1. If I fit a long axis through the Cα atoms of helix 11-24 and take the longest principal axis of the Cα atoms of the chain, what angle between them do I get, 0 to 90°, rounded to 10?
2. Could you give the accessible area per residue of the chain, probe 1.4 Å, as a whole number in Å²?
3. Keeping all protein chains in the complex and leaving out DNA, RNA and ligands, what accessible area do you get for His36 with a 1.4 Å probe, in Å² to the nearest 10?
4. What order do Ile18, Ile35 take when sorted by accessible area (1.4 Å probe), most exposed first?
5. Let me know the charge dipole size of the chain about its Cα centre in debye, to the nearest 20, where only the beta-carbon of Lys, Arg (+1) and Asp, Glu (-1) is charged.
6. Put +1 on the Cβ of every Lys and Arg and -1 on every Asp and Glu Cβ in segment 11-76; which of Ser24, Ile59, Ile73 then has its Cα farthest towards the positive end of the dipole?
7. Where the accessible area of the chain is counted over protein heavy atoms with a 1.4 Å probe, how much of it, in %, is carbon and sulfur?
8. Report Leu75's accessible area, 1.4 Å probe, all protein chains in place, as a number in Å² to the nearest 10.
Amino acid sequence: MTTLDVHGMTVLEAKTAIERFIASQPASVTEIVIIHGYSHGDALKNMVRDRHTIRSKRIVRKRFTMNQGETIIELK
């Protein structure tokens, strides 16, 4: 599983970083863990978990774990 940490980024910086990160991954990568945090506000968490914010045709679905500070993005 591949991980991307977007702590400390603005929403726009994180969105751009996530989209670029997904685009740079080979087809063999089917899951990405996005570490966005949650204790310093919900802006990043909400952006990552929103259905329409991150644009990539590879995204199949997003899974939320018991850890409120991360989201798993499943890719095709």
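1. It works out to around 20 degrees.
2. Numbers: 4790 Å² over 76 residues.
Per residue, the chain has 63 Å² of solvent-accessible surface.
3. Rounded to the nearest 10, that gives 10 Å².
4. On the way: Ile18 0, Ile35 50 Å².
From most accessible down to least: Ile35, Ile18.
5. Numbers: 12 positive and 8 negative charges, 81 e Å.
My answer is approximately 380 debye.
6. Ile59
7. The value for the chain is 54 percent carbon and sulfur by accessible area.
8. 10 Å²
The values are calculated or read from the model by the stated rules, or taken from the named source; none is laboratory data. The model shown is predicted, which means the values in this text are computed figures rather than measured ones. Counting neighbours? That spans all protein chains shown, and the Cβs are built from the backbone with ideal geometry, glycine included. Heavy atoms of the whole protein, side chains included, go into the accessibility calculation; ligands, DNA and RNA do not. Shrake-Rupley method; radii C 1.70, N 1.55, O 1.52, S 1.80 Å.
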